[in-house]
Structure formats: structure tokens, C-alpha cells
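Just below is one structure, and these are the notes that go with it.
The values are calculated or read from the model by the stated rules, or taken from the named source; none is laboratory data. Note that this is a predicted model, so its numbers are computed, not measured. Cβ placement follows ideal geometry from the backbone for every residue including glycine, while neighbour counts extend to all protein chains displayed. These area figures cover heavy atoms from the full protein model, side chains too; ligands, DNA and RNA do not enter into them. Shrake-Rupley method; radii C 1.70, N 1.55, O 1.52, S 1.80 Å.
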Amino acid sequence: MADLSGVTPVGFNCQGGLVLNRSTFMMQPGEAIELENFEPDVTGGYRRISGFSKYVSAIVPATSSASEKVLMVATFGSKVLAARGTSIFSADPAGSSWTSIDSGRTGALKYSFERFNFDGTDKIIVVDAVNAPTVFNSSLSATDVSESSVAGSKFVVSFKNHMFYAGKSTSKQEVVFSEPFDEDGFNSGNGAGSIKVDDTITGIKVFRDDLFIFCETRIFKLSGSSLSNFAVSDVTRDIGCINGDTIQEFAGDLIFLGPDGLRTIAGTARIGDVELGTISSNVQTIFNENIASGSEFDSVVIPDKTQYRIFFTKANEDESASKGIICSRREKSFEFAELRGIKPASTDQFVSSGDVIVLHGAYSGGYVYRQESGIDFDGAAVLGKYRGPDLTFNDPGIRKHMQKIIVNYKPESSIDADLFVRYDYESVNSARPAAYPLDSTDIVSIYGVSAYGGPTYGGVSQPLFRQAVEGSGFAIALRINDGGTTAPYSLKGFQLEYKLGARR
């Protein structure tokens, strides 16, 4: 309703995430047609993501070439493990050097690993698709699994106190499991065995009381607890998993990359029933492009944000151009955003004293990084973009003379971004006002927490930025460009104030 001055205010929250499968004319206010390096915030709105910084200050040593990727990063006890070239190394997170704990891993490919405890001693087992599986105890002493039938395994998981191995290039349809409580015991008389499925295995993952076996075009479920009652059943014979590195437990489901985008396997209330669902239709065009052209994939879950990140990696692509997708669970739906500038070769995530630690091994350069740390990508700016839909306020035939934009945001420090107002679907014949600075230095502080001389005590925690604007059009869109020079902040919502003009 217009006020006495003839100004009509319209406000909306930033919610809904990136939507690329609907006409901008039909989108809801608050959704986005561009949302790059802004994540759906757990407290509402869109937050410009944090950066990443070195988790260990030293480069993981190269063994033959400086171009070697960090093929594995894994935390184990108080150490961080990393594989590069022909060796596996360990380091203290606060340390400045790496120590070789296993060498001679000829031709190693990307690693998979499993932390387990069968005998009262914490251990980690690693496989690299070429060499024998290797077990490290709490002292980081290495022991190779001696069984030739599991040498060259690509995947390894612990299930029902057995160790399961799969993905061997010479037996692509077979899963081999060890004796109970013995990762290197394979006597069938003591409970070891193998299972074959009728498709090439692309990944295995334990979920609740079952082991899911993902294949190229099918998915199976292994139930039971021992050799005597292990049984395989079909989950689907129509949908498969493209890459095992995309399989994660997320928001109470298993999530994975299928041929048509992200899918979940959700157990229903009926025991033994499984429901398949595709969730990424809003950003399907991004998945179509990157499934076709991506050479490698990786993923990680950030549990305190109920967030899944998938990364599309192309060998010859510069890191600044490397893309990914953020998938955030919001009540009964999923919201998406696009990542740009993170190119991992390996990932891991763990929780330490309530603090979520998200790591990735560098595709180039040899470092291990911690995500969600700092305001930049180890010195490179975190460029952020938001572009909302073209708003007609339910009447595309009336011209709107814009008066003011009010931005509700939540800063974490001072911010420095640009606000753009665009008209009539950014037609070349429409008004294109210059950028309006979106910045703030009066940031709320908590006494006893913030440093003196920085933020303002008693400031507003979610201030309103008011900006008089120029121009008119039948449809109006807002754009935020962030140069990545300041700390993250959240865009919570907008109010647009306009006067009605003539009808076209």
C-alpha cells in the first residue's frame, strides 16, 4: 500500500538460494539468479563465505615433481596425514615440517581411508587404487595388508567389524571383506568372504545398519552382520553414482552425484524401505556442464552449517576459475549457491572440542589448507556476487520510479561492496546507474570479546543501509558485487521504495 507521499515500499528476505530453472519473471523475491561465494546462512540470508588458510605452514614434500597433487589429507589422533607422489607424511597442525611415514607407493592415485578400532588401538587404513592397503597404528607405524586379492583397492570401509575393500581394477564388480576384527585376515573359515554385483563399483558407504554399494548404473544394499547372513538387495537398477568421492552422509541422508545431479538415499519410517530423490533441479544446468567436462570431483560436509560442498575439478583450469556447488539443508528443502576459487585434490572433515575442522589438499602448490578460515583464499580475494530476480511487483505494465533501497545485513567486521540497481532485464536501452557503495565501519561489539579500537560498542548487529537511488523501469533487479577485501557478512533482506508511473 502506498503511503501519503505516494511511495510504495516492498520488502523481502534473502532466501531460496540460487535458482536457474525458472524464468526470472516467475521467481520469488529473495531468490537469486547469481549467487557466487555467498552461502545460504544458517541464521537466514546469504553470507559471503570465509576463506581458507594453511593448516600446516610447510609444503608437503614432493617426491619427484613439483606438480604432484596432495592425493590425501586425513586427520588421525593429534596428527594430520598427507600423501604426495610416492610417500605419505605426517605433521603437527601447528608444526612447520612433515615427516615421511611410508614411501615407495609406486603409481599411487587418489586415496580413500577409514579410521577404526578393532582391538582397543586406534588405527587408520589407506588405499590408493594401486598399492597394497596400508594400516597405521597410533604410533604411525605402517603395516601393509598382505592379502593379494585386496591389493589395488580404491575404496575401504569398516562395517559390522569387518573391513570391506572394493574398486580393484581387475575385479571391478567385487567387494572383499575380512574376518571379524581383523583387517588382514581373509580365511573364509573364520568369516571372510566376497560378494559380486552386476555392475562396476564406484563407491561404498556405510549408512545406518547397511552398506550401500554404488555402481555406475545401479545401487545395492548389503544387510546383515556376518558371513552367515550378509545379503545383497537392489536399491535401484536405473540410477548410479558417477564418482565415489561425492558420497557423503548429510543431514540424515546419503548424498551422491548421479548422472542427473545430486541425489539422496533416504531411509523412510518403514524398515528396509529406501527412497531415491533428486534435489539439484534448481541448479541443474551447472551440474550438466560440469558432469560432462569435469575430470575429477571431491566433496566435504560442514555439519554445523548443515552444508554439503561438491567441487568440480579440471586439470588445466586455473584455481581462481575452479567451480563448485554449496548445498544447504533448510527445513524441508535445499538451497544452493555456487563456489569459485577452491580447487581441492583431497578433503577431510572432523570435529575437535566442538570445533569443525574442514581440510583440503592442494591440487597444485603442495599445501594442506583449512577451509572456513580467514577472509581470503590464502591471499587471493574471495569474490562474491549476488543478483536477484527482475521484480515487477505483480504488475509489469506499470513503470516504477525508484526512490530508495534499504539493505538489511549482518556484518562481522567492516564491509566494502557495491550495490547496483538494474532495470528492465538489463536492456541496453534501460537506465544503468553507477554503483552505490555498500560499506560500514560501525560494527557491533561485545564488551570483553572485541578488541578495543576496532568495532563500535553498542552498535547495531543487523544494521539498515539506506541508499537513495536513480532510474525507473517496469522491472527492477538488485546486484551486489563484493571484491573480497573484508570479512564475511550476511545479506538478510531488502526493501525497495518506488513511486508509480505511467502504464505501458
Point to revise | Estimated vicinal HN-Hα couplings, Hz - segment 85-98 in sequence order (Karplus 6.51, -1.76, 1.60; Gly, Pro = x) | key: x, 9, 10, 10, 10, 10, 7, 7, x, 8, x, 10, 8, 10
Review point. Counting Lys and Arg as +1 and Asp and Glu as -1, what is the net charge of the other residues whose Cβ lies under 10 Å from the Cβ of residue 207?
Key: -1
Revision key, fill the gap. Non-local residues with an amide H under 5 Å from the amide H of residue 55, with H modelled 1.01 Å from N and Pro and chain starts lacking one, are 368, 369, 370
**Study point:** segment 192-202 - phi-based ³J(HN,Hα) in whole Hz, Karplus 6.51/-1.76/1.60, Gly and Pro as x
**Key:** 7, x, 8, 9, 10, 10, 9, 6, 6, 6, 10
Study note, to complete from the structure: Shape call for segment 304-365, from the Cα gyration tensor axes a ≥ b ≥ c (a/c under 1.5 means rounded, otherwise prolate when a/b beats b/c, else oblate), comes out oblate
Practice item. Could you go through segment 292-298 in sequence order and give the Karplus-derived ³J(HN,Hα) for each residue, using 6.51 cos²θ - 1.76 cosθ + 1.60 with θ = phi - 60°, rounded to whole Hz, and x for Gly and Pro? Key: 6, 10, x, 9, 9, 9, 8
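Residues with beta-carbon under 10 Å from that of residue 312, excluding residue 312: net charge, scoring Lys, Arg +1 and Asp, Glu -1?
-1
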**Study point:** Relative contact order (%) - the chain, alpha-carbon pairs under 8 angstrom, separation at least six
**Key:** 17 percent
Review point. So which lysines can residue 79 reach, going by Cα to Cα under 22 Å and dropping same-chain residues fewer than 8 places off?
Key: 54, 69, 110, 123
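Got a number for carbon plus sulfur as a percent of the chain's accessible area, 1.4 Å probe?
Carbon-and-sulfur percentage of accessible area, whole number: 47.
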Exercise for review: With a 1.4 Å probe and every protein chain left in place, work out the accessible area per residue of segment 1-134 in Å², rounded to a whole number.
Suggested key: 41 Å²
Review point. Just by accessible area at a 1.4 angstrom probe, what is the order of 418, 238 from largest to smallest?
Key: 238, 418
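Heavy-atom accessible area per residue, segment 267-423, 1.4 Å probe: how many Å²?
39 Å²
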Review point. What trypsin sites (Lys or Arg not before Pro) does segment 114-216 have in DSSP loop regions with at most 10 other beta carbons within 10 Å?
Key: 208
Study note, to complete from the structure: Taking Cα pairs closer than 8 Å and at least 6 residues apart, the relative contact order of segment 70-172 in percent is 17 percent
Review point. Where in segment 323-418 are there trypsin sites (Lys or Arg not before Pro) that are in a DSSP coil and have at most 16 other Cβ atoms within 10 angstrom of their Cβ?
Key: 332
Revision key, fill the gap. Non-local residues with an amide H under 5 Å from the amide H of residue 474, with H modelled 1.01 Å from N and Pro and chain starts lacking one, are 400, 424
Point to revise | Kirkwood Rh, Cα atoms: Rg over Rh of the chain | key: 1.03
Point to revise | Environment charge of residue 79, counting only residues whose C-beta is closer than 14 Å and scoring Lys/Arg +1, Asp/Glu -1 | key: -2
Review point. Can you give the accessible area of residue 234, probe radius 1.4 Å, in Å² rounded to 10?
Key: 90 Å²
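Tell me which trypsin sites (Lys or Arg not before Pro) from segment 1-76 have a DSSP coil assignment and no more than 15 other beta carbons within 10 Å of their own.
Of the trypsin sites (Lys or Arg not before Pro), the ones in loops of segment 1-76 whose Cβ has at most 15 other Cβ atoms within 10 Å are 22.
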Exercise for review: Out of all DSSP beta bridges with both ends in the chain, state the antiparallel percent to the nearest 5.
Suggested key: 95 percent
